[in-house]
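All remarks here apply to the structure that follows.
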Amino acid sequence: MNVEQVFREERGRLLATLVKRLGDLDLAEEVTSDAIEAALRHWPVDGVPDRPGAWLLTTARRKAVDRLRRDQVHAARLALLQVEVSRADAPVAGGLPDERLELFFTCAHPALPEEDRGALILRCLAGFTTPEVARAYLVPVTTMQQRIVRAKKKIREARIPFRVPDQDELPERLPGVLQAVYSIFTEGYAAQRPDLAGEAIRLARILRALLPGEREVTGLLALMLLVHARRDARAELLEDQDRALWDADMIAEGSALAEAALTGGHGPYGVQAAINALHDEAPDFASTDWPQIVALYDVLNALTPSPVIALNRAVAIAMRDGAAAGLALLDELAAEPKLRDYHPYRAARADLLHRLGRSAEAAQAYREAIALAGTEPEQDFLRRRLTAVEGQS
Amino acid sequence: MKYMLLIYAASDQQNSCTVEDWIAHEKEMKDAGVLVSGHSLADLVTATTVQVGPDGRRSVTDGPFAETREVLGGYEIIDVPDLDAALEWAAKCPGSRDGGAVVVRPIAEF
């Protein structure tokens, strides 16, 4: 293992352990960086120690003592830490304790702004620098810096705890953590950054190792794998994708996890994973198991009703029962405020009109979709569809 | 760590909590040893606002600054280990129901 890999594996774990010991995220981040800097100086010369994690922890604790010594206000904490440091000098069995779950729950605490939770997780658990986090969320570095400083100030001053919620609190708190990890994935997906989507998957794997019994953690990991498996073909719509480009190993892993997530119960991530598993396992678009997909959308809509789910359900019904049945359902959704400016709604309508041979109406719907589409690739794609329809009318 | 729970009532909605609910809530906080102090405030129509201008002149006006939908109806100061504990007590407060809201503010330490 090279030095870089060691840090990638150990940074989040080291930070979590130090937050627990020091009770201060800022101080913990500073001494984590100090320890890694020291490792970068010593390891290339002296070699990587047998237990890199323990070496980093001992070094970080000493750095914390140095920093606190300079700051007499923290005298009481210093006394405690010195006891810890002398203990740490004795050989540690095994690696570092894994306290990253506590850190996940702190970073995704409901008292923090929703848009900052994913950013904090990238910063604290994925080891991203602030400029890297800023790039992930497409905001200026100074903006992200301010957001992270503000969030950390709230953690410190409002004393957001570093703890795993009790079993009875977990149903209320876990969805926030999952949502934060999923938001990293969707950012990566929207920005066409497979590395960022891959990072979200890595975080979900850590989370699953820490909470193996939680079906929705498994469901989230399955969902992301099953979507990410199509990354190399995603320039096209699902129906036009070259399925040979899909990642078969990732599909196999995701499908097995989706099944595990839906054994003996179900949650929204598990159901979405199952829908994607059906797509990924179909040899082509037409022979996809549409009745099963419709049934899963019904389950999903009952769990978390939303117009976007209703839209996807209508498209699946169009595949199962024909374009006319799907179009009737889409037209029922026309008054939904959330769908009015949602270009996939217009595009789906255009596709069904096109399939029914109503070319002039289809062309009009494509034009509406193009006007609403946010990104250049989306517009390009819709323009190609429009040209195809106009060629026929 | 001390937190102030600011208890706001929705002015357009009647809180269904009874006096007994509030007494039970106070007792629970006292028994847990977390209550530092707490009061409910008299009706908003009894409020008076004082401001002193740059010239030292005092202005006294009836009521609060502006009509707001949410009216501060009382407060509690609690001493608990962390924000999660404070949020737990806020959720138990009868004022958090029926359109009311409890704002949790850490008390600054100097």
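Note on the stretch A:318-393: with neighbouring protein chains present and a 1.4 Å probe, carbon and sulfur make up 51 percent of its accessible heavy-atom surface. Positive contributions from Lys and Arg (+1) and negative ones from Asp and Glu (-1), summed over other residues with Cβ under 12 Å from the Cβ of B:W22, come out at -2. Here the stretch A:99-212 is treated as an ellipsoid with the same Cα gyration tensor; its semi-axes, largest first and in whole Å, are 22, 18, 11.
Each 10 Å bin from zero up to the one holding the largest Cα-Cα distance in chain A carries the following percent of pairs: 5, 19, 27, 23, 14, 8, 4, 1, 0. Here the extension length gained between A:R367 and A:Q292 equals 23.8 nm, from 0.36 nm per residue of separation less the Cα-Cα distance.
Annotation: amide H-H contacts under 5 Å for B:G74 (H modelled 1.01 Å from N, sequence separation of 5 or more, or interchain): B:I7, B:L41. For the stretch A:107-167, the fraction of alpha-carbon pairs lying more than 15 Å apart is 48 percent, rounded to a whole number. Here the Kirkwood formula, the inverse mean of 1/r across different C-alpha pairs, assigns the stretch A:214-288 a hydrodynamic radius of 12.1 Å. The stretch B:43-110 and the stretch A:142-180 have their alpha-carbon centroids 25 Å apart. Here the stretch A:214-288 exposes an accessible surface that is 51 percent carbon and sulfur, computed with a 1.4 Å probe and the other protein chains kept in place. Note on B:A101 and A:Q192: their simple-model spin labels are 4.2 nm apart, each label 7 Å out from Cα toward Cβ. The contact residues of the stretch B:66-110, meaning those that lose at least 50 Å² of 1.4 Å-probe accessible area when all protein chains sit together rather than their chain alone, are B:L83, B:D84. Compared with the dominant Cα axis of chain A, that is its longest principal axis, helix A:194-210 is turned about 60°. For the stretch A:33-74 and the stretch B:1-36, what is the centre-to-centre distance using only Cα atoms, to the nearest Å? Using only Cα atoms, the two centres lie 48 Å from each other. Expressed in units of 2.2 N^0.38 Å, where N is the residue count, the Cα radius of gyration of the stretch A:270-393 is 1.07.
Once both labels are positioned 7 Å from their Cα atoms along Cα-to-Cβ, the gap between A:A302 and A:D284 label points is 3.4 nm. Rounded to the nearest 10 degrees, the inclination of helix A:248-261 to the longest alpha-carbon principal axis of chain A is 80 degrees. Accessible area per residue for chain A, computed on protein heavy atoms with a 1.4 Å probe, is 47 Å².
Helices in chain A, meaning DSSP H runs of at least 4 residues, each add -39500 (n - 2.57). Divided by all residues, the mean residue ellipticity at 222 nm is -23500 deg cm²/dmol. For the stretch B:2-106, taking Cα atoms only, Rg and Dmax work out to 15.8, 49 Å respectively.
Amide hydrogen proximity for B:V36: with H placed 1.01 Å from N in the peptide plane, the residues at 5 or more positions away or on another chain lying under 5 Å are B:I77, B:I78, B:D79. At 0.36 nm per residue, and after removing the present C-alpha to C-alpha distance, how many nm does the segment from A:E236 to A:K338 gain when stretched out fully? Residue separation times 0.36 nm, minus the Cα-Cα distance, leaves 34.2 nm. Cross-link candidates for B:K30: which lysines have Cα within less than 28 Å, leaving aside residues fewer than 8 places away along the same chain? Counting by Cα, and skipping residues close in sequence, B:K30 has these lysines nearby: A:K154, B:K2, B:K92. Between helix A:268-281 and chain A there is an angle of about 60 degrees, using the helix long axis and the longest principal axis of the Cα atoms.
With each label modelled as a point 7 angstrom along the Cα→C-beta vector, the A:A328-A:L170 pair spans 4.5 nm.
When exposed loop sites are taken as GluC sites (Glu not before Pro) in a DSSP loop with at most 15 other Cβ atoms within 10 Å, the longest stretch of chain A clear of them is A:1-168.
Positive contributions from Lys and Arg (+1) and negative ones from Asp and Glu (-1), summed over other residues with Cβ under 14 Å from the Cβ of A:E216, come out at +1. Whole-Hz Karplus values for the stretch A:44-60 come out as x, 8, 8, x, 6, x, 4, 10, x, x, 5, 4, 5, 5, 4, 4, 4 Hz, taken residue by residue from phi with 6.51 cos²θ - 1.76 cosθ + 1.60 and θ = phi - 60°; glycine and proline positions read x. The interface between chain B and chain A buries about 700 Å² of solvent-accessible area in total (1.4 Å probe, ligands and nucleic acids excluded). Normalised by the number of residues in chain B, the mean separation of alpha-carbon contacts (under 8 Å, six or more apart) gives a relative contact order of 52 percent.
The values are calculated or read from the model by the stated rules, or taken from the named source; none is laboratory data. Remember, predicted model here, so these are calculated numbers, not experimental data. Methodologically, a virtual Cβ is constructed for each residue, glycine included, from the backbone with ideal geometry; neighbour enumeration extends over all protein chains shown. Only protein heavy atoms, including side chains, enter the accessible area calculation; ligands, DNA and RNA are left aside. Shrake-Rupley method; radii C 1.70, N 1.55, O 1.52, S 1.80 Å.
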